[in-house]
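The values are calculated or read from the model by the stated rules, or taken from the named source; none is laboratory data. Just so we're clear, the structure is a prediction, and the values are computed from it rather than from any experiment. All Cβ positions, glycine included, derive from the backbone under ideal geometry; neighbour counts span all protein chains shown. For the accessible areas, the whole protein counts, side chains as well, though only heavy atoms, and no ligand, DNA or RNA atoms are used. Shrake-Rupley method; radii C 1.70, N 1.55, O 1.52, S 1.80 Å.
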Amino acid sequence: MARRLSARLGYAATLGGVALVSLAMWLARPYLALAPIALIHLLAVFCAALLWGMGPAIAGSILAFVALDYLFVPPFFSLTIAAPSEVVSLAVFLAVAIVTSRLAAWARARAHEAEARAREAGALLRLSDASADAGSMPATLRAIAELATGVFGVRSCAILLPDSMDVLRVQAAAPAADACALTRDEEGIAAYVWREQTLVPHGPTLYVPLRIGTQRVGILRVGPRPDGQPLPASEHALLQTFGTAAAAAIDRRRLQDAATQAEVLRRSDALKTALLGSVSHDLRTPLATLKTGITALLQADLAWDRQAQQEMLAAANEEVDRLTRLIGNLLDLSRIEAGELRPDRQWYEMGELIADSVRRASARLRDHRVTVEIPDGDLLVYLDYVQIQQVLANLLDNAAKYSPAGGEIRVTGAVEADAFVIRVRDQGPGIPASEADRIFSKFYRINGRHTGTGLGLAICRGLVEAHGGRITVENPGRAGAVFAVSLPLTTPPALAGRLA
Amino acid sequence: MTGARVLVVDDEAPILRLLRRTLEAQGYAVEAVETGQAALDAVERHRPDAVLLDLMLPDADGLEVCRRLRERLEAPIIVLSARGEERTKVDALDLGADDYLTKPFGTAELLARLRVALRHAAGSHTGPIIRAGDLTLDLDRRLVTRGGTQVHLTPKEYEALKYLAQHADRVVTHRALLTSVWGPQYGEELHYLHVLVNQLRRKVEPDPSHPSYILTEPGVGYRFRLPD
């Protein structure tokens, strides 16, 4: 109907315009010759052709010819087509009208097409950008749905994908509130579209199959425009192109996810192999010592004097302690991995914790000089005592292991900004700069050093991070490693007057 | 206390065997059972002088068994638990257990704790004067001296030291100490306690950063050690 109205407008405007030109020329005829008058009429027809197309232009040219002939060509006030020149004039008018209007129409169509192409390219580019940026399948789907509402100017869009039981479900929608379950009817339409792979309207909504070649990916449900009207058929081509690109983006995301998953499994397998290798070695060594020692003592035909017996048993006892620590480490690590580490936090005094930890490790530190520097006063930190003690025990163990006998191990505690920092310094060879972060991974051991399972630092990191803290090597690349454990300081509840 | 009867409750037969051997070698009479129900039954038949109770039992919650035993017995209960279960240990102690041992434990520790528990139960109470190393507490006169010189303690510091010394060689949970010093509504305010104990250590310990009297039991509480 809009078109009919504008068509009528075109005719009216042209005829009106030509009439106006004739009137103007009639008034100007003392000053103008026939040629310019004719040309100005031609101009009017030309404009009509440009603006309103062939129909009005032809009507206009006929009116222009009649006006010229009647008003400006002798004999005046009569319509005669006498001379061949007048036929030629008419012909020229008509030709101009037709050619111009066709040309204009052609140009308009081309421009329209170019615009559509540009829009399509823009949409596809944005689609590719959006899906590349999205980090996960849900984010990708959301991005596609949101983009579709923008590109097509509709109120809502949803993406339906088959679930694990091959039932089509809404996986993403824009606006997000539209991501609700499908009604019976909608399920039926979706199933039909999925089967037939053809675009199907359902009221003001369109269901568009998303596929790459013959591979079916999903369905795009496109809602109506804000005025309630469905997307016009002229947009369907763009819709199909968009659909194909969306299907490709979804598929790409699926492949990426699968690749990541495969990598994760591969790494986990590699780690499990490392675990088995490392643990079996580290468990077997003390067990071997125990077995030899105990069976030797059991042997009836070997006469052990009391002192020798005591020594063997003491050695066996130490191996048991070592095994206990190792198994404790493994359990801690598995709890960290399972995310089951829940620090049981209370307010503890740092000086006490540090001193106590050093005291408990004293047997293993007997070949070293240990100095402790803690600030005066009572510093309360909210932490799990046993866990942080474990961290310090592991750090002290390492310091003892890698420091030369007789060397100094310094443990310091200090308040720095909003954290309490505990540092363990040894006089060993230090940590190479390139390993400074990797040493905290499981089973990682610096090349050439093979004692211990390589779990201690990984556990330290797990425990410290569970407290919201950080553990780092402060001076990588230099001799004498400095491990720094930083625990967040929060304000303890007031003590005023409670201690008197 | 030779001849004292000890009830050992643990679901691991090898541990039961070893404990029986060790305790009998020390002169104790041992009854060994493997379940919580068996323990409760055994207590009905004849009262033991002490109980060693493993908290990981197959048929019942160790804490529940501990509570029920405490309801029927005055005798000391020492709980055995695995590493990493501080909460359970503390709960057991607050439910009435007297001390704990963490597996794997050495026999020296086991025998020492059992000895202390039995001594305390026999009422060989410390009397009004408690001596530990160079430290002397006169409970009648509320006087604390170190190497002969008086040590000035605030009232709360004194209460804490007194409670610890009266439970010498046995573990005292944070809650128990808090309650004894500040009152029954207190049980969670560990920050008060740690600062107080630190202050106390600075006053009574020869080397506060390496305490010899007031020892920390990580995650559980404190233990006042009587040097031998």
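Descriptive notes on the structure:
- Threshold 30 Å², region A:344-358 residues less accessible with all protein chains present than alone (1.4 Å probe): A:344, A:346, A:347, A:348, A:349, A:352, A:355
- Share of pairwise Cα-Cα distances greater than 12 Å in region A:1-47 is 64 percent (whole percent).
- Of all the options B:34, B:71, B:217, the one that moves most in a Gaussian network model of chain B with Cα springs shorter than 10 angstrom is B:71.
- Computed FRET value (nearest 0.05) for residue A:118 with residue A:337, which takes r as the C-beta separation and R₀ as 60 Å: 0.70
- Within the listed set B:87, B:70, B:201, the Gaussian network model of chain B (springs between alpha-carbon atoms below 10 Å) gives the highest mean-square fluctuation for B:87.
- What you get for chain B, charging only the Cβ of Lys and Arg (+1) and of Asp and Glu (-1), is a dipole of about 780 debye around the Cα centre.
- Amide hydrogen neighbours beyond the local backbone of residue B:4, cut-off 5 Å, H modeled: B:29
- Once the Cα gyration tensor of region A:269-310 is diagonalised, semi-axes √(5λ) in Å: 35, 9, 4
- Based on C-alpha pairs under 8 angstrom that are at least 6 apart in sequence, region A:144-232 has a relative contact order of 29 percent.
- Counting only DSSP beta bridges whose two residues both lie in chain A, roughly 90 percent are antiparallel.
- Residues in region A:304-327 occluded by at least 20 Å² - accessible area, probe radius 1.4 Å, against chain by itself: A:324
- The separation of region A:320-391 from region A:66-99, counted between C-alpha centres, amounts to 110 Å.
- Taken along its three principal axes, the alpha carbon spread of chain B comes to 52, 35, 29 Å, from the longest extent down to the shortest.
- Interface of A with B. Using a 1.4 Å probe and counting protein heavy atoms only, the two chains hide about 2500 Å² of accessible surface, both sides summed.
- Efficiency of FRET between residue A:274 and residue A:433 - r from beta-carbon atoms, R0 25 angstrom, step 0.05: 0.60
- In this label model, residue A:66 and residue A:9 are separated by 2.5 nm, measuring between points 7 Å along each Cα→Cβ vector.
- Phi-based couplings in Hz for region A:310-327 (Karplus 6.51, -1.76, 1.60; Gly and Pro marked x): 4, 5, 4, 5, 5, 5, 4, 4, 5, 5, 4, 4, 5, 4, 4, 5, 4, 5
- The string of couplings for region B:158-165 from the Karplus curve (6.51, -1.76, 1.60, θ = phi - 60°) is 4, 4, 5, 5, 4, 4, 4, 5 Hz, one whole number per residue in order, with x for Gly and Pro.
- Once the 1.4 Å probe is applied to the protein heavy atoms, the protein assembly as shown comes out at 50 Å² accessible per residue.
- Spatially close Lys pairs in the protein assembly as shown, defined by Cα atoms under 29 Å apart and a spacing of eight or more places or different chains, total 15.
- At an R0 of 45 angstrom, the distance between the Cβ atoms of residue A:299 and residue B:207 translates into a FRET efficiency of 0.45.
- The portion of the accessible surface of region A:2-113 made up by carbon and sulfur, rounded to a whole percent, is 78 (1.4 Å probe; DNA, RNA and ligands excluded).
- Magnitude of the charge dipole for the protein assembly as shown, about its Cα centre and with charges confined to Cβ atoms of Lys, Arg (+1) and Asp, Glu (-1), is about 1760 debye.
- When the alpha carbon gyration tensor of region A:1-115 is reduced to an equivalent ellipsoid, its three semi-axes come out at 28, 15, 12 angstrom, largest first.
- Mean Cβ count within 10 Å, highest first, over the residues of peptides A:26-38, B:172-184, B:36-48: B:172-184, B:36-48, A:26-38
- Length released on extending from residue A:34 to residue A:262, taking residue separation times 0.36 nm less the Cα-Cα span: 73.4 nm
- Rolling a 1.4 Å probe over the protein heavy atoms of region A:235-366, with every protein chain left in place, gives an accessible area that is 58 percent carbon and sulfur.
- Anisotropy class of region A:283-337 from Cα gyration tensor, a/c 1.5 cut: prolate
- Apportionment of accessible area to carbon and sulfur, region B:5-121, percent (1.4 Å): 47
- Stretchable slack from residue A:408 to residue A:136, in nm (0.36 nm times residue separation minus alpha-carbon distance): 92.8 nm
- The protein assembly as shown gives an Rg/Rh value of 1.32, both radii derived from C-alpha positions and Rh following Kirkwood.
- Shape call, region B:5-54: gyration tensor on alpha carbons, a/c limit 1.5: oblate
- Per-residue mean of foreign Cβ neighbours for B:186-199 is 6 (Cβ atoms of other chains, 10 Å radius).
- Mean residue ellipticity (222 nm) of the protein assembly as shown, computed from DSSP H runs ≥ 4 via -39,500 (n - 2.57), nearest 500: -17500 deg cm²/dmol
- Helix A:385-402 axis, angle to chain A major axis (alpha carbon atoms, nearest 10°): 70
- Percent of C-alpha pairs per 5 Å bin, region B:129-224, short to long: 2, 14, 27, 28, 18, 8, 2, 0
- Averaged over the residues of B:208-220, the number of partner chain Cβ atoms lying within 10 Å of the residue Cβ comes to 5.
- Shielded residues, region A:463-500 - accessible-area loss of 20 Å² or more between chain alone and all protein chains, probe 1.4 Å: A:493, A:495, A:498, A:499, A:500
- Look at the Cα gyration tensor of region B:5-121: its axes a ≥ b ≥ c give a/c under 1.5, and that counts as rounded.
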